[in-house]
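The values are calculated or read from the model by the stated rules, or taken from the named source; none is laboratory data. These numbers come from a predicted model, not from an experiment. We place every Cβ from the backbone using ideal geometry, glycine too, and count neighbours over all the protein chains shown. For accessibility, only protein heavy atoms count, side chains too; no ligands or nucleic acids. Shrake-Rupley method; radii C 1.70, N 1.55, O 1.52, S 1.80 Å.
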Amino acid sequence: MSTARFHNRYPHARPTARDFWRLWREYRRNRPPRVAFPRAGNDPAWLGANHSADTLTWVGHDTFLVQWGGLNLLTDPIYGERASPLPFAGPKRLVPPALAFERLPPIDVVLVSHNHYDHLDAPTIKRLIHAHPHTHFVVPKGLRRWFTRRGASRVIELDWWQSAPLGAATVTAVPAQHFTSRGLRDRNRTLWCGFVVEAAGRKLYFAGDTGYSRDFADIGARFAPIDMALIPIGAYEPRWFMQAMHVNPEDAVKIHQDLGARLSVAMHWGTFCLTTEPLDEPPRRLAAACTAAGLPAGCFRVLQHGETLQLGTPPVNR
Ligand code: ZN
Ligand code: ZN
């Protein structure tokens, strides 16, 4: 790991030690109650045999199986019980992974946006290295060694705006407004990013974690229109603390607009309890924000855990 630190591209509020203390107290006082989320069925055999249709299946949190231009991609895969370095403490999973690890089709590409425990899960990565040895891991600058140390042989490390070919596809790392750390002294030593995957003339965007900033207008200027954008809608309260690093549903709608996205799909909600908003609030607020922004019905979808969306079919408003 290098000793350099990475920085966001635009100014934002920076929390002080006092803010962390205040956050910890708020979090202890305002733990939202658990919610039972419905699960949708999916068809792993069909997904395994599919090499032509673009599909999206929500495994939970930021983990999607995306079939895009003939490639099988996984985003920020976490199959663990906790988003934590410790097996006995830290945010516990509320909904089991909604597509079993053993039933995943051969994975060509794994996109990892940053090193936080709810996005980079060491046990899941080790399982992928063994079960899918031909997988390419695409990671932000500074994370390659974390993967090669665990036995990954195909690691593509990208800086913001840097691209790499993936067969007939191209992947580009794009900026986000966030931070990184896995321990106490490694803050911002590795980069954070989103990704644009261009394949078969279609563009997929995966945001990772981010606050709202002008980064999205910049991404839109280079890549709009985006065919499908995966955008976080959860982990946003208390706002006084989270705003700089995590978007809320209203910000997510602005990102959708900045990117010129034809279709957006919500992520980063309903799987781990990370913050203080009610666990089922993000989709409700998203629906209200879409209406307030005058978006056409069905262009910002919320999937159930496990749900598969077949793309190219007209969106159905839920
Ligand atoms: Zn994060
Ligand atoms: Zn996160």
Exercise. What are the residues in the stretch 51-76 that are open to solvent by less than 10 Å² (accessible area, probe 1.4 Å) and among the acidic types (D, E), if any?
Worked result: D62, D76
Seminar exercise, completed: How many residues of the stretch 158-192 are of a type in the set (A, V, I, L, M) and part of a loop (DSSP other than H, G, I, E, B)? The answer is 4
For this session: Determine, yes or no, whether S84 is over 16 Å from the mean Cα position of the chain (by Cα), closer than 21 Å to V139 by Cα, within 16 Å of ligand 1 (Cβ to nearest atom) and touching a residue at least 12 places away in the same chain (Cβ under 8 Å).
Result: yes
Exercise. Just one of the numbered conditions (1) at negative phi; (2) among the small types (G, A, S); (3) open to solvent by 40 Å² or more (accessible area, probe 1.4 Å) is not true of G201; which one?
Worked result: (1)
For this session: Kindly check whether there is at least one residue in the stretch 109-116 that is within 16 Å of ligand 1 (Cβ to nearest atom) and either open to solvent by 30 Å² or more (accessible area, probe 1.4 Å) or not in a loop (DSSP other than H, G, I, E, B) (or both).
Result: yes
Problem set entry | Matching residues, the stretch 219-238, being away from ligand 2 (no atom under 16 Å from the Cβ), open to solvent by 40 Å² or more (accessible area, probe 1.4 Å) and not basic (K, R) | A221, A224, P225
Seminar exercise, completed: Cβ pairs under 8 Å, 6+ apart or interchain, first in the stretch 8-30 and open to solvent by 80 Å² or more (accessible area, probe 1.4 Å), second of a type in the set (G, A, S), ordered by first then second residue, are R9/S213; R14/A244
Problem set entry | Sole residue being open to solvent by 10 Å² or more (accessible area, probe 1.4 Å) and modelled with pLDDT under 95, chosen from R149, R154, R185, R144 | R185
Exercise. What do you reckon, is R284 open to solvent by 60 Å² or more (accessible area, probe 1.4 Å), modelled with pLDDT of 95 or more and basic (K, R)?
Worked result: yes
For this session: May I ask you to list the residues in the stretch 23-45 that are out of contact with any Pro (no Cβ under 9 Å at 6 or more places or on another chain) and in a helix (DSSP H, G or I)?
Result: W24, R25, R28, R29, A45
Exercise. In the stretch 117-137, what count of residues is obtained for those that are more than 16 Å from ligand 2 (Cβ to nearest atom), assigned to a helix (DSSP H, G or I) and out of contact with any Lys or Arg (no Cβ under 8 Å at 6 or more places or on another chain)?
Worked result: 5
Exercise. Just for the stretch 239-254: of the residues that are over 16 Å from D215 (Cβ atoms) and open to solvent by 10 Å² or more (accessible area, probe 1.4 Å), which one is nearest to ligand 2 (Cβ to nearest atom)?
Worked result: M242
